[in-house]
Amino acid sequence: MTVSAEHSTDLRRLIESRLAGSLPGGDPALALTAGMSPEQSAAIRNNLPREFARAAVLIALVDRPEGLTVLLTQRASHLTNHGGQISFPGGRIEPADAGPLAAALRETREEIGLDPAKVTLAGYLHDHLVITGFLVTPVVGFVARDFDLRLDRKEVEEAFEVPLAFVLDKTNHRARERTFAGVTFQAYDIPYGERNIWGATAGMLVSLGRLLEVA
């Protein structure tokens, strides 16, 4: 899907339209991973822990004059899990959280200092199964451009923006085969300059692009 920055308003309207009425998931039996068929996803689930750790991330879309961007973070390199990886802000859903939206906003504020009042909910993507045993609910929101960030350097080395049009463009997706528990599936890399967006983050962006392609 090729999207130009000049059509940012139309893209925002399309996202709002496709996500209208969407609800957060929570059922592992319905979770998918970009590049996998439902059958492959089921096979992967059968080889993961019975109890999944629930998490939520914020796909934060910033409405810049030159077009929508997506706000990403680079995790601190010393972290045990996914150190140095590019990711969306977010984390585990805690018992005190009202749901995935509350968890995503809380974690985002803790990690990068983004004020939840700057975020307007657009909706939710389908739950994303991560082979490390996480069931992740992607929360999509639009962010007012006049925000300030305060990074928690214990968790995040850097926060940066990438044009949404770029990451949705399929010509920028690099597919590669991965095998887990005897199941071979497509994974994706999205190189951007000197960075490489991969893993679950790339998969969720691919899922968003596919949703916007559906007639």
### Task
Among residues belonging to the range 121-166 that are within 12 Å of the chain's Cα centre (by Cα) and hydroxyl-bearing (S, T, Y), point out the one that is surrounded by the fewest Cβ atoms within 10 Å (Cβ to Cβ).
Y124
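Taking the criterion of being touching a residue at least 24 places away in the same chain (Cβ under 8 Å), aliphatic (A, V, I, L, M) and farther than 14 Å from M36 by Cβ, would at least one residue in the range 171-180 satisfy it? Talk me through it step by step, then tell me what you get.
Let us first name the residues in the range 171-180 that are touching a residue at least 24 places away in the same chain (Cβ under 8 Å), namely 171, 173, 175, 180.
Those left that are additionally aliphatic (A, V, I, L, M): 175.
Subset that is farther than 14 Å from M36 by Cβ: none.
No.
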### Query
Yes or no: E194 modelled with pLDDT of 90 or more, acidic (D, E), out of contact with any helix residue (DSSP H, G or I) (no Cβ under 7 Å at 6 or more places or on another chain) and farther than 23 Å from L101 by Cβ?
yes
### Summary
Filter the range 63-81 for residues that are in contact with a helix residue (DSSP H, G or I) (Cβ under 9 Å, 6 or more places away or on another chain) and closer than 16 Å to L205 by Cβ; the one that is modelled with the lowest pLDDT is G67
### Extreme residue, surrounded by the fewest Cβ atoms within 10 Å (Cβ to Cβ), among residues of the range 95-120 that are of a type in the set (G, A, S) and more than 15 Å from A144 (Cα to Cα)
A96
### Message
Can you tell me which condition L48 does not meet? The list is (1) surrounded by fewer than 17 Cβ atoms within 10 Å (Cβ to Cβ); (2) at pLDDT below 85, and all the others hold.
### Response
(1)
### Query
Restricting attention to the range 16-45, which residues are within 17 Å of the chain's Cα centre (by Cα), of a type in the set (S, T, N, Q) and either assigned to a helix (DSSP H, G or I) or modelled with pLDDT of 85 or more (or both)?
S22
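State yes or no: is E158 of a type in the set (D, E), without any contact (Cβ under 8 Å) to a residue 24 or more places away in the chain and out of contact with any Cys (no Cβ under 6 Å at 6 or more places or on another chain)?
Numbers: of a type in the set (D, E): yes; without any contact (Cβ under 8 Å) to a residue 24 or more places away in the chain: no; out of contact with any Cys (no Cβ under 6 Å at 6 or more places or on another chain): yes.
Spelling it out, it is not the case that E158 is of a type in the set (D, E), without any contact (Cβ under 8 Å) to a residue 24 or more places away in the chain and out of contact with any Cys (no Cβ under 6 Å at 6 or more places or on another chain).
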### Query
Name the residues in the range 105-120 that are among the aliphatic types (A, V, I, L, M) and under 15 Å from P89 (Cα atoms), would you?
L105, I112, L114, V119
### Message
What are the pairs with Cβ atoms under 6 angstrom where one residue, in the range 186-215, is within 11 Å of K170 (Cα to Cα) and the other, located anywhere, is in a helix (DSSP H, G or I)? Sequence gap at least six, or different chains.
### Response
Y188/A202; Y188/V206; I190/V167; I190/N172; I190/A202; L205/V167; G209/L168
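The values are calculated or read from the model by the stated rules, or taken from the named source; none is laboratory data. Since we're looking at a predicted model, the values are computed, not measured. All Cβ positions, glycine included, derive from the backbone under ideal geometry; neighbour counts span all protein chains shown.
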